[in-house]
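Report on one structure; see the data block that follows.
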Amino acid sequence: MNNRKLLFLRDVLVYTFTTFGGPQAHVAILLREFVEKRRYVTEEELMELNALSQILPGPSSTQTLVGIAWKVGGLQLALLSFVIWVLPSAAIMCIAAVTYKGLAASGRVDEVLRFLHPAAVGIVAYAAVNFAQKILKTKVSVYLAIGSLLATLILQNPYAFPILILLGGIFSSAFETQPTEDALRVKLFSNVNPKKVAYFIGILLFFASLGAIINRTSPFSLPIRLFENFYRNGILIFGGGQVLVPLMYTEFVEVKHYLTNAEFLSGYALQQALPGPTFSFTSFVGAITLGNEGYGLAGQIWGSVVAVVGVNLPGLILILFIVPFWEDLKKITRIKNSLSGINAVAVGFMATAFILLVAPFGGNWMAYLVMAGAFCLLYFTKIKTPIIILIGVALGLLF
């Protein structure tokens with residue numbers, strides 16, 4: 001491996017431990033460090049990779065970084081960069097999950113988390129409002145968001161998510177695309193190899209079907225079904241971690257009861273205080289899930305690995321296989337327009353999660369006050385999310 005690649009990996013390591021604030025902040029740091037300072041790629045290439053990651057499902061920050069690595073040094077460098085980026089925060093979240101039960105039993109943790117949980121709900125509320133302001137700009141998108149909110153509240157079924165996402169993409173594409181626009185662009189795919197496309201789709205569908213293939217009475221049933229759950233979420237998530245967290249809450253807490261509301265919010269709050277990808281939160285969810293099912297320490301570690309690999313694998317496959325077709329894909333109007341509908345549906349999911357997260361507060365006015373305070377600090381000031389989490393912990397220790 002040449003010096004340029006080694007330098008790139010070192011910069012990825014520094015980036016991993018210094019990056020807070022979600023996809024928007026991540027792109028700003030990439031622009032400063034990887035474009036302006038090191039010139040690994042041009043600004044135009046970075047913006048195109050970021051745009052591609054927005055159109056593809058999966059972790060947008062991870063896909064952008066992997067795309068840069070692929071351009072700099074090919075597949076090997078891309079995979080190494082992925083591991084360096086994901087592993088530290090995922091490992092911390094796994095350790096937190098393994099130690100969570102013991103700390104919770106001491107009773108002191110409940111006092112500390114008393115204000116941390118509503119602060120985390122305030123962060124979810126801020127993400128939902130921020131996302132809605134960016135996405136809901138047409139009547140179609142507003143109707144889709146309201147429809148997905150009502151549907152998920154009524155159905156409370158994980159299989160409603162892929163159906164609603166598909167319908168959102170179809171509706172927005174149908175209502176916002178002129179009939180002649182795509183007819184002019186059909187020739188763009190005349191040079192696409194059908195066998196390669198079929199192979200690519202086959203890989204995605206094979207892993208997605210694992211959960212249905214395995215007998216539920218098998219000792220491998222839960223870990224493999226868990227992999228399928230996270231893999232499916234990895235395929236369905238457009239918009240990054242701010243969409244993933246509400247979607248997971250509805251499926252894993254409200255529908256499947258893999259973990260409790262307190263466990264979920266504790267893990268989410270911790271992840272918000274860490275640098276690195278938001279998707280590393282899945283490490284905590286996977287470990288807690290298998291821990292709650294009595295799989296022991298080894299099972300919890302395995303659950304963490306299954307979750308992280310499952311949720312990231314679709315996005316990793318997509319970015320590495322789709323990049324060669326990007327020049328054609330970015331010109332297809334229907335693809336662009338379907339994305340607005342998919343994101344509108346995601347806003348509905350986020351609103352659903354917020355409602356479900358607030359419900360346990362009941363008549364606890366202090367929880368509502370802390371939640372509102374966290375939201376206002378994020379919305380009206382430049383205070384970052386990790387500071388909000390530290391404030392929540394401090395309030396728990398003081399009061």
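Of everything in the range 362-372, what is on the phi < 0 side of the Ramachandran plot and open to solvent by 30 Å² or more (accessible area, probe 1.4 Å)? Give them in sequence order.
Within the range 362-372, Gly363, Asn364, Trp365, Met366, Tyr368, Leu369, Ala372 meet the criteria.
If I filter the range 378-394 down to residues being modelled with pLDDT under 80, open to solvent by less than 80 Å² (accessible area, probe 1.4 Å) and of a type outside the set (Val, Ile, Thr), which single residue comes out as farthest from Asn130 (Cα to Cα)?
That would be Gly392.
Checking the condition assigned to a helix (DSSP H, G or I), open to solvent by less than 20 Å² (accessible area, probe 1.4 Å) and at pLDDT below 90, which residue from Gly286, Gly315, Gly303 passes?
Gly315
Would you be able to tell me the number of residues in the range 109-137 that are open to solvent by less than 20 Å² (accessible area, probe 1.4 Å), farther than 12 Å from Val370 by Cβ, at pLDDT below 80 and aliphatic (A, V, I, L, M)?
Number of matching residues: 2.
Taking only pairs six or more apart or across chains, which ones have beta-carbon atoms under 7 Å, a first residue in the range 329-348 that is at negative phi, and a second residue that is at pLDDT below 65 and open to solvent by less than 20 Å² (accessible area, probe 1.4 Å)?
Matching pairs, first to second residue: Thr333/Thr177; Arg334/Thr177; Asn337/Thr177; Asn343/Gly239; Ala346/Gly239.
Determine whether Ile335 is modelled with pLDDT under 75 and either touching a Leu at 6+ places or on another chain (Cβ under 6 Å) or farther than 19 Å from Gln272 by Cβ (or both).
yes
Which members of the range 25-37 meet the condition of being surrounded by 15 or more Cβ atoms within 10 Å (Cβ to Cβ), of a type outside the set (Val, Ile, Thr) and more than 20 Å from the chain's Cα centre (by Cα)?
Leu31, Glu33, Phe34
Considering only the range 269-283, how many residues are hydrophobic (A, V, I, L, M, F, W, C) and either assigned to a helix (DSSP H, G or I) or in contact with a strand residue (DSSP E or B) (Cβ under 6 Å, 6 or more places away or on another chain) (or both)?
Count: 4.
Collect the residues in the range 248-262 that are part of a loop (DSSP other than H, G, I, E, B) and open to solvent by 40 Å² or more (accessible area, probe 1.4 Å), keeping them in residue-number order.
Across the range 248-262, the qualifying residues are Lys256, His257, Thr260.
So, in the range 55-73, of the ones that are more than 16 Å from Val86 (Cα to Cα) and in contact with a helix residue (DSSP H, G or I) (Cβ under 6 Å, 6 or more places away or on another chain), which residue ends up most open to solvent (accessible area, probe 1.4 Å)?
Here the answer is Trp70.
The values are calculated or read from the model by the stated rules, or taken from the named source; none is laboratory data. Predicted, not measured: the structure shown is a model, and the values here were computed from it. Cβ sites come from the backbone with ideal geometry, for glycine too, and all protein chains shown count toward neighbours. We work out accessible area using only protein heavy atoms, side chains counted, and drop any ligands, DNA or RNA first. Shrake-Rupley method; radii C 1.70, N 1.55, O 1.52, S 1.80 Å.
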